[in-house]
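S.K.: Provided herewith is a single structure, encoded as structure tokens, for subsequent inquiry.
The values are calculated or read from the model by the stated rules, or taken from the named source; none is laboratory data. What you are looking at is a predicted structure, and each value in this text was computed from that prediction instead of being measured. When we count neighbours, we look across all protein chains shown, and the Cβ atoms used for this are built from the backbone with ideal geometry, even at glycine.
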Amino acid sequence: MSSAAFPDLDDARAHHQAKRREAVRQRVRASLPPLPELRFEQAYLRSLLPSLAPASKADASASQAIVRGHGVDVRWGQVAWITVKDQVVSPFLQGVFWGLLGIVAGGAGQGLRAALGWPQKKAAAA
């Protein structure tokens with residue numbers, strides 16, 4: 001007899017498999033640590049918090065003032081520096097680092113190839 005003769009059995013089997021998959025997913029999620037926030041915007045906003053101060057004495061911190069809808073005082077010089085640092089300086093330094101690493105790694109690879117007697121890479125035909 002084929003399982004087509006018993007459609008309820010197929011449904012029960014599919015339901016059981018779905019429940020098992022969900023149980024495994026829950027176990028895996030429970031054993032993994034939470035993922036850190038890697039989006040640029042969230043990290044940027046978090047780095048701006050020290051440049052904010054609550055406008056009134058009723059709020060203990062700028063984040064409390066923002067949550068309550070109260071005003072905050074902004075230190076624009078700090079905001080400008082944080083923005084330039086995050087948008088210009090940091091990407092520039094990362095590019096310099098990876099560029100130099102590529103030059104060093106490429107030279108080391110050619111030296112290793114020559115030392116081991118491996119054939120050199122051929123230049124691409126133009």
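S.K.: Taking the criterion of being modelled with pLDDT of 80 or more, closer than 30 Å to Arg75 by Cβ and under 32 Å from the mean Cα position of the chain (by Cα), would at least one residue in the range 29-38 satisfy it?
M.R.: No, the conditions are met nowhere in the range 29-38.
S.K.: Let me ask something else about it. Can you name the residue in the range 46-58 that is among the aliphatic types (A, V, I, L, M) and farther than 19 Å from Thr83 by Cα and is also surrounded by the most Cβ atoms within 10 Å (Cβ to Cβ) among such residues?
M.R.: Ala55
S.K.: Quick one: which of Ala12, Ala30 is surrounded by fewer than 10 Cβ atoms within 10 Å (Cβ to Cβ) and part of a helix (DSSP H, G or I)? So that I can check it myself, show each step before the final result.
M.R.: Values: Ala12 fails: surrounded by fewer than 10 Cβ atoms within 10 Å (Cβ to Cβ).
Going through Ala12, Ala30 in turn, just one is surrounded by fewer than 10 Cβ atoms within 10 Å (Cβ to Cβ) and part of a helix (DSSP H, G or I): Ala30.
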